[in-house]
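Each value in this text was obtained by applying a stated rule to the coordinates, not by laboratory testing. Note that this is a predicted model, so its numbers are computed, not measured. Note that we place each Cβ from the backbone using ideal geometry, even for glycine, and neighbour counts take in every protein chain shown.
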């Protein structure tokens, strides 16, 4: 028991922290309470000790976040500073002052010019704040409109525009940052975090660097959830101190939203236009009511002239129907003709044929797949075709806790090996080769195109001679330049108040990438599998609309029944159209269901792999029996997935 004459340091009891010491003796104290004659006195001492330990932990946590002698400004401050530097560098990189804005305005089509004039007129007005959502199908010129607006504001008003998008590759395509990085919004992999205010050190950094921004642009809003949208509002109010102002929404800054609600929806969250449920309000905000910022504040406009497929009118019209979940027999016949012909009748032979097909395509060809598992299968097969030596990159994990807790942590990490969403997106083991195609999984330098989603090629590695540890990897970027990438360090929670610091290269193989990663891209050639594995509304439309023409499309599978559009998004889209123009034509809900087509399977389903692996680990099953079970399962999958 702690006495006034004891030293505070004695509480540690040879442990690293007060918390470990407390838990070390807790069981013994609890057991002793049953027999000790001074029961009440011990109970009071137990509670006092618990309170004292918590106070020490709170003080230590405060020192760690604000006054850590090894890192006086803190990790958050460094990240915020780097984000603001990227924001500045992107503006400098584009040489906005030297661009001929008049020429750009002259290149705007009728739709773009109308929206441009509306934006500029409102921004120049002293009496109104721009809060506008501009809709448009894929390829209607939203990116060019963004650049024209940004350049005009810089040259004519000498002010800044902050451009952002929900994903790294989408942000890079519009010379912006991810919205989370720009505004330092909380990110926790695997679940949605609660809103956290900026620290006293970080807040001044953002206030200083964003003080000249008068317009915030957010592209690809279909992937922004209502929760993230509310966080954006709260963050801007915090930065520009408008929480108590009249009409202080979004920091009283002009806000321009762009994107197509019929493209990919938010992952595991509600649409940006959805009302908050009572459960979410209680969980994330703890108050009785939260306004629907989308329906309350924002006006609507629309771009309708397609620029991406302007040289292929029939394909453009096909995409417009696919967008709303409609498919004619003629459309289906056209897409069926784009399918790759497979001769093999097994997973292995078809996968081999697919790899051959990819190798015969141009180097800029991308393979878009609906699931991560399919990407893993294709990436492993393509890697095996490279003759150079395998390079295994093993993450270096640091865990500061007691030996007993550490065993549990390592077990959790082992179980999470296949799901890097629980380890901040960094895998425990990454296998690459010289010549392999990889994707960067972190935003490193937006000015160089080193963003989450960038595809590059491994051309060499730098190793420590004494330990064989890979120190850096040289990549060939799409721009033709070379870059030496190094490990990044991330911190993530694995158990309550137990954190792991992982150092690993932010890379993954990228012969196949998910359709979700492709939103915002414009491609000349692509191989796609739009089959029974498609799991999200708008997924097929996003994949198909990446291409500039039908000639560049090659399909592994095509299932008409997987072409769907969100009924919620269509209803909201129609509401907005009527709000803007009572006479405008709305979209009809498609009730027709198409016949499902059996896939040509080339990737062993994950369930079969799992059963095969579990059988191989059990020595009581002879190898021949394992093969019988797996072959039976493969035949079952091939014959029953229709």
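Here is how the numbers come out for the structure above:
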item	result
Label-point separation in nm, residue 578 to residue 346, each point 7 Å along Cα→Cβ	5.9
Percent of alpha-carbon pairs separated by more than 28 Å within segment 194-326	30
Additional length obtainable on full extension of the chain from residue 244 to residue 414, 0.36 nm per residue less Cα span	56.4 nm
Long-range Cα-Cα pairs in segment 74-303 (distance over 22 Å), rounded percent	51
Where a label projected 7 Å from the Cα of residue 406 along Cα→Cβ would reach, residues of segment 447-486 with amide N under 20 Å	none
Rg/Rg_globular for segment 154-211, with Rg_globular taken as 2.2 N^0.38 Å and Rg from C-alpha atoms	1.33
Cα-derived Rg over Rh, computed across segment 527-570 with Rh taken as Kirkwood radius	0.98
Kirkwood hydrodynamic radius of segment 296-337, from inverse mean 1/r over distinct Cα pairs, in Å	12.2
Spin-label proximity, residue 328 to segment 554-572 - amide N less than 20 Å from point 7 Å beyond Cα toward beta carbon	559-565
Sorted peptide list for 385-393, 438-446, criterion being average Cβ within 10 angstrom, highest first	438-446, 385-393
Sorted by Cβ neighbour density within 10 Å, fewest at the top, the residues 281, 119	281, 119
Ranked packing of 378-384, 319-325, most packed first, by mean Cβ within 10 Å	319-325, 378-384
Estimated FRET transfer efficiency (residue 158, residue 429; beta-carbon r; R0 60 Å; 0.05)	0.75
Label-point gap, in nm, between residue 128 and residue 488 - each point 7 angstrom along Cα→Cβ	4.1
